[in-house]
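Below is one structure, written out as C-alpha cells, with a few remarks after it.
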Amino acid sequence: MAEVKLMKGNEVIAEAAIRCGCDAYYGYPITPQSEVMETLMARKPWEETGMVVLQAESEISSINMVYGAAACGKKAMTSSSSPGISLMQEGLTYLAGAELPCLVVDVVRGGPGLGTIQPAQSDYFQATKGGGHGDYHLIVLAPASVQEMNDFVGLGFDLAFKYRNPAMILADGVIGQMMEKVQLSEYKPRWTEEEINQMSDSWALTGKKAHRSHNTVTSLELDSYKQETFNHKLQAKYRAMEENEVRFEEIQCDDAEYLFVAYGSASRICQKAVQLCREQGIKVGILRPITLYPFPTKEIERLSKQVKGILTVEMSAGQMVEDVRQAAKFRIPVEHFGRFGGVIPTPEEIVEALKKQIIGA
Amino acid sequence: MSVELKDIIKEENIVYKKTPVLTDNVMHYCPGCSHGVVHKLVAEVIEEMGIQDKTIGVSPVGCSVLAYNYLDIDWAEAAHGRAPAVATGISRVHPDRYVFTYQGDGDLASIGCGEIMHACSRGENIVVIFINNAIYGMTGGQMAPTTLLGQVTATTPYGRDAKLNGFPMKLTELLAQLDGTCYVTRQSVHTPANVRKTKAAIRKAFENTRKDKGVSFVEVVSTCNSGWKVTPVEANKWMVENMFPKYPLGDIKDI
Amino acid sequence: MTEEIIIAGFGGQGVLSMGKILAYSGIMQDQEVAWMPSYGPEMRGGTANVTVILSDERISSPILTKYDTAIVLNQQSMDKFESMVKPGGTLIYDPNGITHEPTRKDINIYKIEGTAIAVEQGNPKVFNMIVLGGFLKVKPIVKLDNVEKGLQKSLPARHHKMIPMNIEAIQTGMNNVEVVNQL
C-alpha cells in the first residue's frame, strides 16, 4: 500500500499531477492556491518525469498555453482562484469549442471583484453553466477532502480525454489550505509520442504525417449550419455525461426525514450539523454532489419523494439551490442557507436554519 | 510547325511550381493583399528545410484566421491575440518541433500585446510572422495600433489624431529590446527583390529555431488595399511613401 | 475518540508547526486527522491559528466554533477562544503576554510557562514544544513515541538531529504544567 502522508490540498494537486503523468502545468500565482505552482517548482518534475512547469504572465496566458499543449494531445493543466478563473473564461470556451481535454483547478475565494481571499462557493454558476460564451459545459468535480484532491486529478484527466472536454476541480480555500491524511496515487508514466499518435492521431498536433491530412485545432466555423451541427454533437456529449458520469455520496439518508444538499467543504460542515441534529432527534441526511456537472438530478428527485424538505447549504447567496429545486420538481420545500463573502457557516447555524426554514416553516 | 500544349508542359520545362506545402484551396484574400505572398514564402521555407512533419503553426484572429486551410501542416487556431501563449504551450511540450505564429497588427500589437511581450521576454523558441498593414482588415478597416497619424479608417474617419487616438506603435523596435529575441527584422513583399529578402528572413528565423536561439520576429510591412480603399498598385505606392518612413525596412537585431 | 483543538498565537510562534506535529502523531497511531490554518495577510506578524482534529472516525467539519481544547499563546487569542471551549473542555495557555487571566469556571484551565522555561534553558525556539508537552500531559491523546515518529515525518531529514531536543522540551513541558482550574 502506498505511503500515507499529511499534506495540504493544494500541495496534493501538484503531487497528483506529477504522478498521473501530466505533461504540462502553466499557471499564475493567486491566493489561496499559490502552493500548487510553488510545490511543482520545488519538486522539479521536469527532471523526474519530463513534465513542464511554467509561470505565465497572466491567467489569460496560462489557459492559452494549456490550449496549446492540449492541442498536441498532451495532458495539460492549470490552477487558479476565482478572479483568475474569470480571466480564463475566454480560453475555456475556446477549449470546449475546439474539443480539447484539459484540467483546471479552481480554489474558489469570495467575490465579486477582487473580493476576499477567504473560502467561498460563489462560482457554482460560472463553473457549471459554461462560464464563457456559447453553449458548453465543463465537467465539474467537487472534492470534499484532501484525498479527493488527489483522486480527482487523475479522474479529471480521464473524463477530459474520454469526452475531449475541459474538466474542472471546483475546490475552495478550505480544501486547498487544509492538511489531511492522503494516500497518493501510484506513478503513471507520461504518454509516449507513439501512444499519443495511437489515441489522438485524428486531431492532435504532432506534425503532419505522410499517412494523414493535416490536423487543425480550431473552434471557428463560419457556416452557421455546420456550426449548428457541431453544437448538436457537443450537446450529445453532454447528454452522455449526464447519463454516465454522475457521481454523488449519500450520508445517513436511509432514514432521513430531511435532507441537506451540499458539496465540497460545505458538505463537511453539514456532517457536523447532522451529528448535532441527530443528537436532538432530527433525522437528517446529506446528498453530496461529487460531480456538479453533470448534476445528480435523478438522485435528488428520488430523495425528494422520501424527505419532507431540503436545505441546500452553500458558501454563496444561493446558486446550486436552483438546480436542486428543479430536481425536486417543487414537490417539497427547498430552501437555501448560506454564508458568503469568505464567511464560513457554522454547524450550529446550519441546524438553526434547518429548524427555521424547513421544519418550522 | 505547330507547337502543342502537351509538348510544352513537361517536367524539364518547369521554371517555377507551387510548393506542395501550400494546399490547393483557393485563398479568400482580396486581390492585392500581401497575405498570399507571405503564406507562400513560409510554405516554401518549410518545404526547402524538409520540416513539414515537424512544423506546427498558430493562426490568429484576423484575415489570416483561416491560414490553416492554405498551409498543409498541423495548425492551432488561437483566440484573439493569444497566439504567442498557445505557441508557448506547444513549443514547451514539443521542444523538437518548429512552432510559429502568424499574426496581424490588431492581434499582435493591440489585444495580444502582453502575450507577445512575454513570449519574447521568456525567449520561447518560436518564430513570429507579423503582418503589419496598419488596419483591421477582417472587421472592416478600423484603426490598428500601427495606423499612421492622419490615416483614415472606419474608426478614424477624419484621420488618426494623436490627441484623440494616440500614436502609431513601433512594437517591433520594442521587442528588439527584450533579451529573449535573437532576430528581429522588418521586411516587405511589394517587389520581387523584397519578396526574396523576406523569404531569406523567414528562412533565417526557422533556422534559428533549429539552433534553439529564442524568438525570431519577422515583421512584414504589408498592404490592405481593401481597407485602405485604393487599388493594389496605389496601395504599394502609399505604403512606400507613408509606411516605410515610419516603419523602415531592415534588420533591427541579429545575434 | 475525537479531539477538536484550536492552537492560537502570533505568527512566528510555531503555532502551525505544533498543529502539524500533533496531526502527524495522530497519523502514526492510525487516526484520521485534519489541520486547518487561518491564512492571509493576518498571518504576517498578526495572529495565526490552526484547528487540529484527531479522530478514530471520519472527520466531519474542519471549521468549528466549539473546541475540546484551546491552546492559547497570546492575549488576542485568549479573548477570542476562551469562550469557544466546550463546557467541560480544556484551556491551556502560556502566561507570557497574558494580561487578563481566563475566568471560566466550567472548563479545565492549565498554565504552562513555556516561554519563561525556554528562555531560562537558553533555547527560546522550543517554547512551543514545551507548551505541547504541557498539553499532552493533561490530554495524553497521542503517545510520546508516536510524537517522535511524527516529528521524523514532519521534519526534513536535515533537521532530524533536532528531534531529541524537541522530545526533551515536550518532557519538560509535561513536568511543568500547572493547574489553574480543575473540574
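Can you name the residue in segment C:58-80 that is within 12 Å of chain A (Cβ to nearest Cβ) and basic (Lys, Arg) and, of all such residues, is most open to solvent (accessible area, probe 1.4 Å)?
Result: C:Arg58.
Only one residue in A:Tyr67, A:Tyr28 is facing another protein chain (nearest Cβ under 8 Å) and either touching a Leu at 6+ places or on another chain (Cβ under 9 Å) or surrounded by 24 or more Cβ atoms within 10 Å (Cβ to Cβ) (or both). Which one?
Only one candidate passes the filter, namely A:Tyr67.
Given the residues C:Gly88, C:Gly9, which is the only one that is within 25 Å of C:Glu168 (Cβ to Cβ) and touching a residue at least 40 places away in the same chain (Cβ under 8 Å)?
When all the criteria are applied, what remains is C:Gly9.
Can you name the residue in segment A:163-185 that is under 30 Å from B:Tyr68 (Cα atoms) and either without any contact (Cβ under 8 Å) to a residue 24 or more places away in the chain or open to solvent by less than 50 Å² (accessible area, probe 1.4 Å) (or both) and, of all such residues, is farthest from the other protein chains (Cβ to nearest Cβ)?
A:Tyr163
Would you be able to say whether some residue in segment C:10-27 is part of a loop (DSSP other than H, G, I, E, B), open to solvent by 10 Å² or more (accessible area, probe 1.4 Å) and within 14 Å of chain A (Cβ to nearest Cβ)? Walk me through how you get there before you give the answer.
Looking only at segment C:10-27, we keep the residues that are part of a loop (DSSP other than H, G, I, E, B), and these are C:11-14.
Okay, now just the ones that are also open to solvent by 10 Å² or more (accessible area, probe 1.4 Å), so C:11-14.
With the extra rule that they be within 14 Å of chain A (Cβ to nearest Cβ), the set shrinks to none.
No: segment C:10-27 contains no residue that is part of a loop (DSSP other than H, G, I, E, B), open to solvent by 10 Å² or more (accessible area, probe 1.4 Å) and within 14 Å of chain A (Cβ to nearest Cβ).
Determine if segment B:148-168 includes at least one residue that is open to solvent by 50 Å² or more (accessible area, probe 1.4 Å) and within 25 Å of B:Ile255 (Cβ to Cβ).
There is no residue in segment B:148-168 that is open to solvent by 50 Å² or more (accessible area, probe 1.4 Å) and within 25 Å of B:Ile255 (Cβ to Cβ).
Among the numbered criteria (1) open to solvent by 10 Å² or more (accessible area, probe 1.4 Å); (2) assigned to a loop (DSSP other than H, G, I, E, B); (3) farther than 20 Å from A:Gly281 by Cβ, which single criterion is violated by A:Asp323?
Looking at each condition in turn, A:Asp323 falls short on (2).
Pick out the one residue from A:Arg331, A:Arg339 that is in contact with a helix residue (DSSP H, G or I) (Cβ under 9 Å, 6 or more places away or on another chain), away from every other protein chain (no Cβ under 14 Å) and surrounded by fewer than 23 Cβ atoms within 10 Å (Cβ to Cβ).
After applying the criteria, what remains is A:Arg331.
Filter segment C:28-42 down to residues that are within 20 Å of A:Gln147 (Cβ to Cβ) and more than 8 Å from chain A (Cβ to nearest Cβ), then give me how many there are.
Summing the residues that are within 20 Å of A:Gln147 (Cβ to Cβ) and more than 8 Å from chain A (Cβ to nearest Cβ) in segment C:28-42 gives 4.
When residues of segment A:244-283 are filtered for being polar (S, T, N, Q), away from chain C (no Cβ under 14 Å) and within 28 Å of A:Gln177 (Cα to Cα), how many remain?
Here the count works out to 0.
For (1) open to solvent by less than 10 Å² (accessible area, probe 1.4 Å); (2) farther than 21 Å from C:Lys153 by Cβ, each residue gets a yes or a no:
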residue	(1), (2)
A:Glu11	no, no
A:Cys22	yes, yes
A:Glu48	no, yes
A:Lys74	no, yes
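Take the conditions surrounded by fewer than 19 Cβ atoms within 10 Å (Cβ to Cβ) and touching a strand residue (DSSP E or B) at 6+ places or on another chain (Cβ under 7 Å) and apply them to C:Glu101. Does it pass?
The answer is no for C:Glu101.
It is to be established whether one or more residues within segment C:146-162 are surrounded by fewer than 13 Cβ atoms within 10 Å (Cβ to Cβ) and under 19 Å from C:Glu3 (Cβ atoms).
Checking segment C:146-162: not a single residue is surrounded by fewer than 13 Cβ atoms within 10 Å (Cβ to Cβ) and under 19 Å from C:Glu3 (Cβ atoms).
Got a sec? Which strands (runs of 3 or more DSSP E) wholly within segment C:47-127 have at least 2 residues that are of a type in the set (Gly, Ala, Ser)?
The strands (runs of 3 or more DSSP E) meeting that bar are C:47-55, C:85-93.
When you go through (1) under 22 Å from A:Gly281 (Cα atoms); (2) within 14 Å of chain C (Cβ to nearest Cβ); (3) open to solvent by less than 40 Å² (accessible area, probe 1.4 Å); (4) modelled with pLDDT of 95 or more one by one for A:Thr346, which number turns out not to apply?
A:Thr346 satisfies every listed condition except (4).
Give the residue that is farthest from B:Tyr70 (Cα to Cα), with candidates limited to residues of segment B:90-117 that are outside any helix (DSSP H, G or I) and away from chain A (no Cβ under 12 Å).
The initial filter retains those residues of segment B:90-117 that are outside any helix (DSSP H, G or I), namely B:94-104, B:112.
Then keep just the ones that are away from chain A (no Cβ under 12 Å); that gives B:100, B:102-104.
On the way: B:Phe100: 15, B:Tyr102: 13, B:Gln103: 15, B:Gly104: 17 Å.
The qualifying residue farthest from B:Tyr70 (Cα to Cα) is B:Gly104.
State which residue is nearest to B:Val189 (Cα to Cα) when the search covers only segment B:1-40 and only residues that are part of a loop (DSSP other than H, G, I, E, B) and in contact with a strand residue (DSSP E or B) (Cβ under 9 Å, 6 or more places away or on another chain).
B:Ser34
Only one residue in B:Val230, B:Val215, B:Val240, B:Val220 is free of Cβ contacts under 8 Å to residues at least 12 places away in the same chain and among the hydrophobic types (A, V, I, L, M, F, W, C), so which one is that?
Criteria check complete, one pass: B:Val230.
Is it the case that some residue within segment A:44-61 is within 14 Å of chain B (Cβ to nearest Cβ), assigned to a helix (DSSP H, G or I) and without any contact (Cβ under 8 Å) to a residue 24 or more places away in the chain?
yes
Only residues that are facing another protein chain (nearest Cβ under 10 Å) and either in contact with a Ser or Thr (Cβ under 6 Å, 6 or more places away or on another chain) or exposed (fewer than 14 other Cβ atoms within 10 Å of the Cβ) (or both): list them for segment A:203-240, please.
Matches in segment A:203-240: A:Ala210, A:Arg212, A:Ser213, A:Leu222.
Residues of segment A:186-202 being surrounded by fewer than 18 Cβ atoms within 10 Å (Cβ to Cβ) and among the polar types (S, T, N, Q), which ones?
Correct list: A:Thr192, A:Asn197, A:Gln198, A:Ser202.
Which members of segment B:41-54 meet the condition of being out of contact with any strand residue (DSSP E or B) (no Cβ under 7 Å at 6 or more places or on another chain) and either assigned to a helix (DSSP H, G or I) or of a type in the set (Lys, Arg) (or both)?
Of everything in segment B:41-54, those that are out of contact with any strand residue (DSSP E or B) (no Cβ under 7 Å at 6 or more places or on another chain) and either assigned to a helix (DSSP H, G or I) or of a type in the set (Lys, Arg) (or both) turn out to be B:Leu41, B:Glu44, B:Val45, B:Glu47, B:Glu48, B:Met49, B:Gln52, B:Asp53.
Given the structure, is C:Glu178 open to solvent by 50 Å² or more (accessible area, probe 1.4 Å) and in contact with a Phe, Trp or Tyr (Cβ under 7 Å, 6 or more places away or on another chain)?
Judged against the criteria, C:Glu178 is a match.
Show the residue pairs that are 6+ apart or on different chains and have beta-carbon atoms under 9 Å apart, the first residue being within segment A:246-263 and of a type in the set (Lys, Arg), the second being surrounded by 15 or more Cβ atoms within 10 Å (Cβ to Cβ).
If the second residue must be surrounded by 15 or more Cβ atoms within 10 Å (Cβ to Cβ), the pairs left are A:Arg247/A:Leu141; A:Arg247/A:Leu155; A:Arg247/A:Pro289; A:Arg247/A:Ile290; A:Arg247/A:Thr291; A:Arg247/A:Pro294; A:Arg247/A:Pro296.
Quickly run through segment A:77-107 and pick out the residues that are facing chain B (nearest Cβ under 7 Å) and crowded, with 24+ Cβ neighbours inside 10 Å.
Hits for segment A:77-107 are A:Gly91, A:Tyr94.
When segment B:41-56 is examined, which residues are found to be open to solvent by less than 30 Å² (accessible area, probe 1.4 Å), more than 9 Å from chain A (Cβ to nearest Cβ) and more than 24 Å from B:His190 (Cα to Cα)?
Matches in segment B:41-56: B:Met49 only.
From the residues in segment B:62-85 that are open to solvent by 10 Å² or more (accessible area, probe 1.4 Å) and either part of a strand (DSSP E or B) or under 21 Å from B:Val215 (Cα atoms) (or both), which one is nearest to the other protein chains (Cβ to nearest Cβ)?
Filtering first and then ranking leaves B:Arg82.
The values are calculated or read from the model by the stated rules, or taken from the named source; none is laboratory data. All figures in this text were calculated on a predicted structure; none of them were measured in a lab. FYI the Cβ positions are ideal-geometry reconstructions off the backbone, even for glycines, and counts take in every protein chain you see. Quick note on the areas: whole protein, heavy atoms, side chains included, nothing else; ligands and nucleic acids left out. Shrake-Rupley method; radii C 1.70, N 1.55, O 1.52, S 1.80 Å.
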